[in-house]
Amino acid sequence: MTAALISLNRATKSFGQGDARITAVDHVDLSVERGQIFGVIGHSGAGKSTLIRLLNGLERADSGEISVAGLDLSHASEAALRKARLKIGMIFQHFNLLWSRTVAQNIAFALEIAGVDRATTKARVTELVGLVGLEGREDAYPSQLSGGQKQRVGIARALANHPDVLLCDEATSALDPETTDAILDLLSDINRRLGLTIVLITHEMHVVRRICDQVAVMEAGKVVETGPAKAVFAQPQAEVTKRFVRQITSADTVDGAFDPALAGGVEGTLIKLIYVGPLARQPVLADAIRQFDLPINIVHGRVSRTRDAAIGELYVEVPAEGAALDALLAYLAERDIVSEIVRGGAQS
Amino acid sequence: MIELLFPNLRIDQFWKATVDTLYMTGLAGTATFVLGLLVGTILFLTSPGQLLANRVVYGALSLATNIFRSIPFIILIVLLIPVTRFLVGRMLGVNAALPALVVGAAPFYARLVEIAFREVSKGVIEATRSMGGGIGTIIFKVLIPEAGPGLASGLTVTLISLVGYTAMAGVIGAGGLGHLAYLEGFQRNNGDVTLAATGMVLVIVFAIQFVGDLATRKLDKR
């Protein structure tokens, strides 16, 4: 077991006093390992903005322990925190660039703070401009850039001092879907190439689905569910997670989600099957047909991709009820396929 | 030509008055800029919700600037006579006007500085902190450059009211165009002198406005 790069132990932070007191982060335990892309998803007000600010000491926890890259942030002095922040990059929803500086000067700003000399700064800026794909725009001011380009400057600035961690505060929420994907691909690419650990907070399931390895779901200051992204997707436990999963399913309606109401002519039992990862390439259904001698009819099916797994969703019609149906469902469950009866089919 | 239009105007006197006005405005303006920037920065940083939020410091400083901003300038000069005597040694001449000019204008500029800093995005300050920037970085590399246009346009307004103040100071013996217009013009019933002095004040004010607007536009990269 490798030591976690980031760990939170019963971290708590509240704001306000008396009746107006709000606990934004409520006894949160988390651990992020080196090289991971860790997503924290939650609705606005769930406490994820405060949580991410605990990770670079912009907010100090009231209680609990927080350690990042070996430094105990909960007890660090302000000077030690400032030094630690050089190695903890952060990007923001509204980019937060200095409009009085050009692209190159904005990136150089992070190096100025670190006290890097002029020649090294110049070389590093050129390198970073190339890394984020902004060649030729070095002398442009932020007001002359598109949202996606501004975020690229933000990323370059955050990476300037070779950080251990990159914190992303709703980094794509102000961008259109195509730009969002381009930025997510860039983050994913940086994660792979530099082995950089990324912690991102978002309210968009799409972001988690596209790039996250691990995900934590937050609601009212608490982490209600955490685990590998694909597992959380396939079998959401908490109610809020189920709603988030539905968010992507309904967002995909355009490219053909299934509406069971349309399957009017279906007799027998309509079952929805969900399977993850390599299983998608195994002939489980074909085997089932042979083993149970049932004419399983596929009504609708599709596969959506996450970062490292495929999630399959299949609607099938089976002329079976009672014990035969139970046996089939048990057979599928053994093979890690989640099934849900959509219509008909009394179980015994 | 000039003799014909302004028969009572003595050119040497007129130039001397103009130079005196520019001298007072320039020197008092520089001091006002430095002092106003300092006080404005402290006002901003100690205001509620900011980095060095401090109710006592902010309250006291805020009250002081409001008081000095509210006293009519002509009364301020009289009130400051003891201070001026102590600092300058006498109550006549251009230097005697300087303390009152600065005390009158600096609080006004400090408020404009505070307002200009408020326009700087909180997110940029947060981003600077997230990069490990301390208070010095925030003041000199974020607040002042990012508020540049506001600081420049505020200084323009302040300098223009300073020109007005020098004229008032002139009436009670500080020299300059106000002095010329009042003593040589009004009291000796030489309307042409008053008119010439007024014309020169207008030229100075317009020039300040022009340069100020130019600087504001040049600094604004938004």
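Within 10 Å of the Cβ of each residue in A:77-87, the mean number of Cβ atoms contributed by other protein chains is 2. Put a plus charge on the Cβ of each Lys and Arg, a minus charge on the Cβ of each Asp and Glu, and nothing anywhere else: the dipole of the protein assembly as shown about its Cα centre is then about 2020 debye.
Using only the Cα atoms of region A:1-142, build the gyration tensor, take square roots of its eigenvalues as a ≥ b ≥ c, and label the shape rounded, prolate or oblate: rounded if a/c is under 1.5, else prolate if a/b is larger than b/c, else oblate.
Because a/c hits 1.5 or more and a/b exceeds b/c, region A:1-142 counts as prolate.
Within region B:82-187, which GluC sites (Glu not before Pro) sit in a loop by DSSP and count at most 16 neighbouring Cβ atoms inside 10 Å? Answer by residue number: B:GLU119. Scanning residues 5 or more positions from A:ARG343 or on other chains, those with amide H under 5 Å from its amide H are A:LEU270, with H placed 1.01 Å from N in the peptide plane.
Peptides B:65-74, A:34-43 ranked from most to least packed by the mean count of surrounding Cβ atoms within 10 Å: A:34-43, B:65-74.
Our note on the geometry: Cα centres of region A:223-243 and region A:120-179, 32 Å apart. Entry for region B:105-222 at q = 0.17, 0.22 Å⁻¹: log10 I(q)/I(0) = -0.85, -1.12, Debye formula applied to identical alpha-carbon scatterers, no solvent contribution. With every protein chain in place and a 1.4 angstrom probe, the accessible-area ranking of A:LEU186, B:LEU22, largest first, reads B:LEU22, A:LEU186. Per-residue packing, averaged as other Cβ atoms within 10 Å, sorts the ranges A:65-77, A:329-341 into the order A:65-77, A:329-341, beginning with the highest.
For the set B:TRP15, A:TRP99, the ranking by accessible area, highest first and with no ligand, DNA or RNA atoms included, is B:TRP15, A:TRP99 under a 1.4 Å probe. Taking all Cα pairs closer than 8 Å and separated by 6 or more residues, the relative contact order of chain A comes to 17 percent.
Distance from the C-alpha centroid of region B:145-189 to that of region A:325-346: 89 Å, rounded to the whole angstrom.
Volume of the convex hull of region A:164-212 (Cα atoms only), normalised per residue: 60 Å³. Pairs exceeding a 24 Å alpha-carbon distance, out of A:LYS222/A:LYS272; A:LYS122/B:LYS122; A:LYS87/B:LYS141; A:LYS87/B:LYS221; A:LYS13/A:LYS230; A:LYS83/A:LYS222: A:LYS222/A:LYS272; A:LYS122/B:LYS122; A:LYS87/B:LYS221; A:LYS13/A:LYS230; A:LYS83/A:LYS222. Averaged over peptide B:138-146, the number of partner chain Cβ atoms lying within 10 Å of each residue's Cβ comes to 2. Partner shielding of A:137-148 amounts to 1, given as the average count of beta-carbon atoms from other chains within 10 Å of each residue beta-carbon.
Residues whose amide H lies under 5 Å from that of A:ILE37, counting only those 5 or more places away or on a different chain, are A:ILE198, A:ASP213, A:GLN214; hydrogens are built 1.01 Å from N in the peptide plane.
When DSSP beta bridges are limited to those with both residues in chain A, what percentage is antiparallel, rounded to the nearest 5?
70
Candidate cross-link partners of B:LYS218 among the aspartates and glutamates, defined by an alpha-carbon separation under 19 Å and a same-chain spacing of 8 or more, comprise A:ASP139, B:GLU119, B:GLU146. Its alpha carbons give region B:10-219 an Rg and a Dmax of 19.4, 67 Å.
Based on the reciprocal of the average 1/r between different C-alpha atoms, the Kirkwood radius for the protein assembly as shown equals 29.0 Å. Where the centre of each part is set by its Cα atoms, how far does region A:70-89 sit from region B:1-49, in angstrom? A separation of 48 Å, based on Cα centres.
For the chain pair B and A, the interface hides roughly 2000 square angstrom of accessible area in total, found with a 1.4 Å probe. Taking the protein heavy atoms of the protein assembly as shown in the context of the full set of protein chains, the accessible area attributed to carbon and sulfur is 59 percent at 1.4 Å.
Other residues with beta-carbon under 12 Å from the beta-carbon of A:SER143 carry, at +1 per Lys or Arg and -1 per Asp or Glu, a net charge of +3.
The values are calculated or read from the model by the stated rules, or taken from the named source; none is laboratory data. Quick caveat: nothing in here was measured; it's all calculated off a predicted structure. Using ideal geometry, Cβ is built from the backbone for each residue, glycine included, and neighbour counts are taken over all protein chains shown. For accessibility, only protein heavy atoms count, side chains too; no ligands or nucleic acids. Shrake-Rupley method; radii C 1.70, N 1.55, O 1.52, S 1.80 Å.
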